Amino acid sequence: MTPEANAYAVDVRAVLTPFALVFMLALPGNAVAHGVAGPHDRFIAASPKLIGMCVATAKAVGYPVPCPTRVPVALVASGGRPGCELQIIGPAKPCPNTAFVWKGWVVGSSTTEDEHLVLTASPRIVRSAAKVVNGPVWQSGQTIRGLGYRQVGHWRMRVVFVPPNTNDGSAFASHVVLIWTVGQHTYAVGFHDVSTIKETLALDLELAEGVRLVSA
């Protein structure tokens, strides 16, 4: 991978590093992870502004995008380097003075004081989970660990863990990720794991129950 091609992924990694903390997210009516505050303290309906961001993103990329309809309290965009800041959800855009190979992709990175969420969508079907979590800058040797499948509504989602030692630069490094394909597009969402994979997967599944594919 060239430094220029990797720049977008590296910028993502730099933003995420301070937020490598346990995720404690719960939805009403579901089991609460160990040590987590009550669901009404941690999780709220997405704001009209966030829903609007989903619609604007779908319009920009020209296909349905994964929109979280319930989010942690005080969720904010991760930010990033000036000129290529990461939003909660948005179309991928070039960083200054770097090659851009993410055209048509959706990226999102958001945090609270103790939570971190990443989401992405591909402009085409991506059958390799490793290529989903690394995007178009994937290279040989970047691998994931498969954890099986889960059914969420009508979606059959593949579950993977993204080892940081083989996915340097990926926004999903150290995350438990749900990956699924609808139509001609592949989607992924996942929380950083610093507790147990079982607990983090439970959070992913709770989040996924509120994800909707939003069109412009």
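The values are calculated or read from the model by the stated rules, or taken from the named source; none is laboratory data. This one's a predicted model, so the numbers in the text were calculated from it and none came from an experiment. Note that we place each Cβ from the backbone using ideal geometry, even for glycine, and neighbour counts take in every protein chain shown.
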Identify, by number, the condition in (1) modelled with pLDDT under 95; (2) surrounded by fewer than 23 Cβ atoms within 10 Å (Cβ to Cβ); (3) touching a Leu at 6+ places or on another chain (Cβ under 8 Å); (4) under 27 Å from Lys93 (Cβ atoms) that Gln139 doesn't meet. (3)
If we keep only residues of the range 94-109 that are part of a loop (DSSP other than H, G, I, E, B) and either free of Cβ contacts under 8 Å to residues at least 60 places away in the same chain or aliphatic (A, V, I, L, M) (or both), then the residue nearest to Ile179 (Cα to Cα) is Trp105
Of all residues in the range 115-133 being of a type outside the set (A, V, I, L, M, F, W, C) and without any contact (Cβ under 8 Å) to a residue 60 or more places away in the chain, which is surrounded by the fewest Cβ atoms within 10 Å (Cβ to Cβ)? Arg127
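Of all residues in the range 181-207 being in a loop (DSSP other than H, G, I, E, B) and not acidic (Asp, Glu), which is nearest to the chain's Cα centre (by Cα)?
Val194
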Output the qualifying pairs, or none if there are none: Cβ atoms under 6 angstrom, residues six or more apart or on different chains, first residue in the range 165-182 and more than 15 Å from Thr143 (Cβ to Cβ), second residue part of a loop (DSSP other than H, G, I, E, B) and at pLDDT below 95. Val176/Asp193
Could you figure out which of (1) in contact with an Asp or Glu (Cβ under 7 Å, 6 or more places away or on another chain); (2) modelled with pLDDT of 90 or more isn't true of Cys84? (2)
For Phe23, all conditions in the list (1) modelled with pLDDT under 95; (2) in a loop (DSSP other than H, G, I, E, B); (3) surrounded by 14 or more Cβ atoms within 10 Å (Cβ to Cβ); (4) more than 15 Å from the chain's Cα centre (by Cα) hold save one; what is the number of the exception? (4)
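Looking at Pro68, Pro91 in this structure, which one is touching a residue at least 60 places away in the same chain (Cβ under 8 Å), surrounded by 14 or more Cβ atoms within 10 Å (Cβ to Cβ) and either β-branched (Val, Ile, Thr) or touching a strand residue (DSSP E or B) at 6+ places or on another chain (Cβ under 9 Å) (or both)?
On the way: Pro91 fails: touching a residue at least 60 places away in the same chain (Cβ under 8 Å).
Within the list Pro68, Pro91, the selection yields Pro68.
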Which condition from (1) at pLDDT below 95; (2) in a loop (DSSP other than H, G, I, E, B) is the one that Pro123 breaks? (1)
Please work out if Tyr149 is in a strand (DSSP E or B), hydroxyl-bearing (Ser, Thr, Tyr) and in contact (Cβ under 8 Å) with a residue 12 or more places away in the chain. no
Can you name every residue in the range 158-178 that is buried (at least 23 other Cβ atoms within 10 Å of the Cβ) and either over 19 Å from Trp105 (Cα atoms) or within 12 Å of the chain's Cα centre (by Cα) (or both)? Val160, Val162, Ser170, Ala171, Phe172, Ala173, His175, Val176, Val177, Leu178
Restricting to the range 75-85, count the residues that are out of contact with any helix residue (DSSP H, G or I) (no Cβ under 8 Å at 6 or more places or on another chain) and not in a loop (DSSP other than H, G, I, E, B). 2
Of all residues in the range 60-74, which are at pLDDT 85 or above and in a loop (DSSP other than H, G, I, E, B)? Gly62, Tyr63, Pro64, Thr69
